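Q: If you scroll down you'll find the structure; I have some questions about it.
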Amino acid sequence: MNYKLRTNKAFTLIELVVAVALFAMVISFSSVIFKVSIEAYRTSSANAEIMQKLRAITDQLNRDFKGLQKDGYLMLYSEFVSKYEFKDSPSQEYFEAARIYYFTTGDFQSWFDPGIRSNIARVYFGHDSISLDPFNPNPIPISQWNLARDVELITPGIAPPTPPPFVDYNDISYAKRKADLKETRTNANNLLSSGIPIDIQNDPNSVRSLMCQNVGEIKIEWTDGTKYLLDNSLNWFGLVSGNSNYGNIIEVRGKAPPTYRASWTPAIPKKYWPKALKFTFTLYDSKGILEKGRTFTHIVYLGD
């Protein structure tokens with residue numbers, strides 16, 4: 001009888017099953033690692049976008065308040081708004097929407113006429129009016145709100161065209177604005193109540209007022225430098241904080257709905273002006289990757 005030695009090699013059924021199982025595990029782990037890597041990249045990109053916005057906002061605030069004119073006007077308005085955070089949010093929440101009006105010095109150039117410049121301007125800093133509009137039939141979730149910084153150059157002797165189109169300069173002098181307390185204060189309150197419109201689709205020039213997109217809740221508080229006796233921390237005043245010692249001349253509170261105004265005008269002695277302003281804002285990335293955004297606090301010191 002002839003016997004032949006088996007020399008060919010092949011997988012047994014058990015070996016094949018084990019190999020397939022190991023291969024499936026490798027594929028599974030690879031997909032998990034790939035998914036984690038993608039999520040890490042998306043999160044990193046979202047954080048980088050938010051940090052760019054943060055730097056742009058804080059750098060601008062530092063420049064503006066370095067040139068703050070304490071012989072003029074500084075006016076703060078805050079309110080609570082009921083809004084959806086995202087389009088698919090199950091319910092509305094209350095968010096604080098604060099904005100501020102002030103005069104500052106710097107090197108300002110007209111958007112509409114580059115030949116017109118000024119070293120002093122009126123600034124509005126806060127959400128735009130379309131974001132704030134409570135009657136908007138298509139309400140914008142707060143994670144998609146725009147932050148506006150609207151600048152009006154003060155240009156004595158350079159009057160706007162007649163009939164005037166919308167321009168960003170005005171020939172009313174700073175001295176006259178200081179003297180006409182009632183008129184300037186009325187204009188400021190109207191602006192703070194409504195905000196600045198930013199509608200780039202219908203008015204491309206409104207992009208000049210766009211500071212940043214995807215800026216949610218904004219809180220603005222101020223301190224006079226006084227401190228709590230218990231822990232020696234600074235007193236901060238605003239929509240949700242206690243009254244200052246000067247509530248009769250600086251602060252006005254509304255109850256229904258809750259609102260807050262603090263106003264410093266040429267009639268207010270300089271010693272009562274804030275020593276610092278605290279800005280707290282929530283920033284979102286444009287793709288909604290970070291579900292709750294990121295909240296930051298930035299303090300601007302105004303000196304004596």
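What follows is calculated from the coordinates using simple rules that are stated; it is not laboratory data. Bear in mind the structure is a predicted one, so any value in this text is a computation, not a measurement. A quick note on method: Cβ atoms are made from the backbone with ideal geometry, for glycine too, and the neighbour counts reach across all protein chains shown.
Q: Give the range of the longest stretch in the chain that excludes all trypsin sites (Lys or Arg not before Pro) found in loop regions by DSSP and having at most 11 other beta-carbon atoms within 10 Å. Please list the in-between numbers first.
A: On the way: sites that count: Lys4, Arg6, Lys9, Lys87, Lys287, Lys292.
With trypsin sites (Lys or Arg not before Pro) excluded where exposed in loops, the chain gives 88-286 as its longest stretch.
Q: Let me ask you something else. Could you let me know the centre-to-centre spacing of the range 271-304 and the range 148-225, using Cα atoms, in angstrom?
A: Comparing the Cα centres of the range 271-304 and the range 148-225, I get a distance of 21 Å.
Q: Moving to a separate point now. Would you compute, from DSSP H runs of 4+ residues alone, the mean residue ellipticity of the chain at 222 nm, taking -39500 (n - 2.57) per run and dividing by the full residue count, rounded to the nearest 500?
A: On the way: 4 runs with 78 residues, N = 304.
Using -39500 (n - 2.57) per qualifying helix, the result is -9000 deg cm²/dmol.
Q: In addition: Name the lysines eligible as straight-distance cross-link partners of Lys292: C-alpha to C-alpha under 26 Å, and not fewer than 8 places from it in the same chain.
A: Within the straight-line limit of under 26 Å, Lys292 reaches these lysines: Lys35, Lys53, Lys83, Lys87, Lys219, Lys278.
Q: Along Cα→Cβ, 7 Å out, is where each label goes; now give me the distance between the ones at Ala175 and Lys275 in nm to one decimal.
A: With each label point 7 Å from Cα toward Cβ, the separation is 3.4 nm.
Q: Given that just one value was derived from the coordinates, which of (1) 59, 49, 48; (2) 65, 43, 33; (3) 125, 57, 38 is Cα extents along the principal axes in Å?
A: Structure-derived value, by its label: (3).
Q: If you fit an axis through the alpha-carbon atoms of helix 181-194 and take the longest principal axis of the Cα set of the chain, what angle between them do you get, 0 to 90°, nearest 10?
A: Tilt relative to the chain: about 20 degrees.
Q: Nearest 10 degrees, 0 to 90: what angle lies between the long axis of helix 13-66 and the longest principal axis of the chain (Cα atoms)?
A: It is inclined by approximately 10 degrees.
Q: Among Ala24, Ala98, Thr282, whose Cα projects farthest towards the positive end of the dipole of the chain, with charges put on the beta-carbon of Lys, Arg (+1) and Asp, Glu (-1)?
A: It is Ala24, whose Cα lies furthest towards the positive end.
Q: Need one number: % antiparallel among DSSP beta bridges in the chain, to the nearest 5. Mind dumping the intermediate values first?
A: Values: 57 of 61 bridges.
In the chain, approximately 95 percent of DSSP beta bridges are antiparallel ones.
Q: Would you mind getting me the FRET efficiency between Ala24 and Ser44? Use the beta-carbon distance for r and R0 = 45 Å, nearest 0.05.
A: Working: r = 30 Å, r/R0 = 0.67.
The value I calculate is 0.90.
Q: Search the structure for amide H atoms under 5 Å from the amide H of Tyr84, placed 1.01 Å from N in the peptide plane, and list their residues when 5 or more places away or on another chain.
A: Answer set, sorted by chain and number: Glu93, Ile142.
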